[in-house]
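Report on the structure given below.
The values are calculated or read from the model by the stated rules, or taken from the named source; none is laboratory data. This one's a predicted model, so the numbers in the text were calculated from it and none came from an experiment. Positions of Cβ are backbone-derived with ideal geometry, glycine not excepted, and every protein chain shown enters the neighbour counts.
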Amino acid sequence: MRNVLIVLSIVFLAFATLKSESQTKDQFVKVVNGQFIRNGNPYFYIGANYWYGGILGSTGKEGNRKRLTEELDMMKANGITNLRVLAGAEGPDGEPRRVSPALQLSPGVYNKELLEGLDFLLAEMAKRKMVAILFLNNAWEWSGGFSQYVNWSTKKPIPYPETAGHTWGEFMTFSGTFHQCDDCKELYKKHIKYMLERTNQFTGIAYSKDPTIMSWELANEPRAFSSANKAPFLNWVNETAAYIKSLDSNHLVTVGSEGKAGCEGDIDLFEKIHSSKDVDYMTVHIWPFNWGWLNPKDMQGTMSKAIENTGKYIDEHLVVAHKLNKPLVFEEFGLPRDGFVFTPGSPVTLRDQYYDYAFGRVLESVNKKDMMVGVNFWAFSGTGKPNPAREKNMWQTGDDYLGDPPQEAQGLNSVFSSDPTMKIVKKYNEQILKAFIK
């Protein structure tokens, strides 16, 4: 009898283990027939960009875990389950227009407090059943990214735009050499491996096995930066996506593209960089003010045109999504506050009008079972406040972290917790849930 009980115990334990593993597998966000699936159900969402979350989770002087947990609770209360987060910046601290502190101070040398901060963020998100899109690199200067890898590999100084007489053209040419720099790409692959093989010290779960991570993003807004560089750029996307999948078969991978605007105006290149079997879904970013669709001196008069252009841009990329049968996420968009004022409490009437349209496109997609599956607005700034003493509202070390990165005026695109915009976020997240209950 005793032997029978032992056998039954072993069988029960094996069954429980298999069931537990199956349940964990279901928690990972997957793509099935052009849709996100989470816990066996379709997953549509109104999410946020929260790039500085890992920094707030740090125990260093820049960290603020009280603010972090309060803001996570605020977002969860408004139905936000999806956060797009910077895994960490690269390079020495104190560089112009750069996030500080950096995660990777020099090749292979990491700020342990920031690694712990990212662990803490993911652990707290798991408690709230939230998921993270982690971008691992950046085409722009504000977190180091491509240009920092080029500097490390070539020892050439970074021509920071709008500093020391340098132009955006110079910077983009410099950043664009990343795709043809073997040493740069190798350093980045080592960083990818380091991050994917990390184990969260709070949960004991390896990053590669953590369902709190929804996807790995190759970079924030990666670009070829010239028509001549399209082929190396495409090769880099394919090689890097395949490398991530070789290390981690559990998570989704996406490029982080702006869409046609980030592909030298070439919609065919956009299609090519998302055609790989290792790239699971597509993204677009839209910036009405930056792209000249919205006139800051006549925001009211140009808003309808900005919304019209946004619709056309989304529709053009949905054609590619249908062709490739891959979901499309509108993962970056922002709008200045009324009158181009940056302070919390100032009106956001026009921004809310734009957000209402963007969120409405997701709800429409839910009802039609279409392929625009989510948005991440840029960006949640929670209880942070711009420093009024700063010239041109620019960030300096010691100031609150906001959704606006250091190269932009603080408060420019920030959504503060006190903004009525959050009521719109909540409304659409509730409507999306109701659409599945019908």
Practice task
Specify which of the listed residues (K272, K260) is surrounded by fewer than 21 Cβ atoms within 10 Å (Cβ to Cβ), under 28 Å from T173 (Cα atoms), in contact with a Leu (Cβ under 6 Å, 6 or more places away or on another chain) and not small (G, A, S).
Solution key: K272
Completion exercise
Among residues of region 35-81 being β-branched (V, I, T) and in a strand (DSSP E or B), the residue farthest from Y355 (Cα to Cα) is I37
Exercise for the section: Determine, yes or no, whether V366 is among the β-branched types (V, I, T) and in contact with a Ser or Thr (Cβ under 9 Å, 6 or more places away or on another chain). Expected result: no
Exercise for the section: Quickly run through region 145-157 and pick out the residues that are closer than 14 Å to P92 by Cβ and surrounded by fewer than 24 Cβ atoms within 10 Å (Cβ to Cβ). Expected result: N151, W152, K155, P157
Handout entry: Number of the condition not met by F340 [criteria: (1) on the phi > 0 side of the Ramachandran plot; (2) among the hydrophobic types (A, V, I, L, M, F, W, C); (3) free of Cβ contacts under 8 Å to residues at least 24 places away in the same chain]
Key = (3)
Completion exercise
Filtering region 272-329 down to residues that are under 21 Å from A409 (Cα atoms), touching a residue at least 12 places away in the same chain (Cβ under 8 Å) and over 22 Å from the mean Cα position of the chain (by Cα) yields W293, L294, P296, M299
Practice task
Give the residue, chosen from T310, T283, that is assigned to a strand (DSSP E or B), among the polar types (S, T, N, Q), modelled with pLDDT of 95 or more and in contact with a strand residue (DSSP E or B) (Cβ under 8 Å, 6 or more places away or on another chain).
Solution key: T283
Exercise for the section: May I ask you to list the residues in region 189-232 that are among the β-branched types (V, I, T), surrounded by fewer than 18 Cβ atoms within 10 Å (Cβ to Cβ) and in a loop (DSSP other than H, G, I, E, B)? Expected result: T203
Completion exercise
Flagged in region 389-434 as exposed (fewer than 15 other Cβ atoms within 10 Å of the Cβ) and either aliphatic (A, V, I, L, M) or assigned to a loop (DSSP other than H, G, I, E, B) (or both), in numbering order, are A389, R390, Q396, T397, G398, S418, P420, L433
Problem - Per-region count, region 340-368, residues aliphatic (A, V, I, L, M) and under 23 Å from the mean Cα position of the chain (by Cα) - result: 4
Completion exercise
Considering residues that are farther than 18 Å from G265 by Cα and touching a Pro at 6+ places or on another chain (Cβ under 9 Å), the number found within region 307-332 is 1
Problem - Selection within region 343-378 - in contact with a Lys or Arg (Cβ under 7 Å, 6 or more places away or on another chain), without any contact (Cβ under 8 Å) to a residue 60 or more places away in the chain and closer than 16 Å to Y428 by Cα - result: M372
Handout entry: Residue pairs meeting the criteria (Cβ under 6 Å; at least 6 apart or on separate chains; first within 13 Å of P406 (Cα to Cα), in region 140-163; second outside any helix (DSSP H, G or I) and of a type in the set (G, A, S))
Key = S143/A89; G144/A89; G144/G91
Practice task
Identify all residues within region 109-164 that are polar (S, T, N, Q), farther than 19 Å from W216 by Cα and not in a helix (DSSP H, G or I); write none if there are none.
Solution key: N111, T163
Handout entry: Total residues in region 228-245, condition out of contact with any Leu (no Cβ under 9 Å at 6 or more places or on another chain) and either farther than 10 Å from I192 by Cβ or touching a residue at least 60 places away in the same chain (Cβ under 8 Å) (or both)
Key = 9
Exercise for the section: Would you be able to say whether some residue in region 169-188 is among the acidic types (D, E), in contact with a Ser or Thr (Cβ under 8 Å, 6 or more places away or on another chain), more than 30 Å from G204 (Cβ to Cβ) and not in a strand (DSSP E or B)? Expected result: yes
Exercise for the section: Determine whether Y160 is surrounded by fewer than 21 Cβ atoms within 10 Å (Cβ to Cβ) and either of a type in the set (A, V, I, L, M, F, W, C) or touching a Lys or Arg at 6+ places or on another chain (Cβ under 7 Å) (or both). Expected result: yes
Exercise for the section: Would you check if G204 is of a type outside the set (K, R), modelled with pLDDT of 95 or more and closer than 22 Å to W287 by Cα? Expected result: no
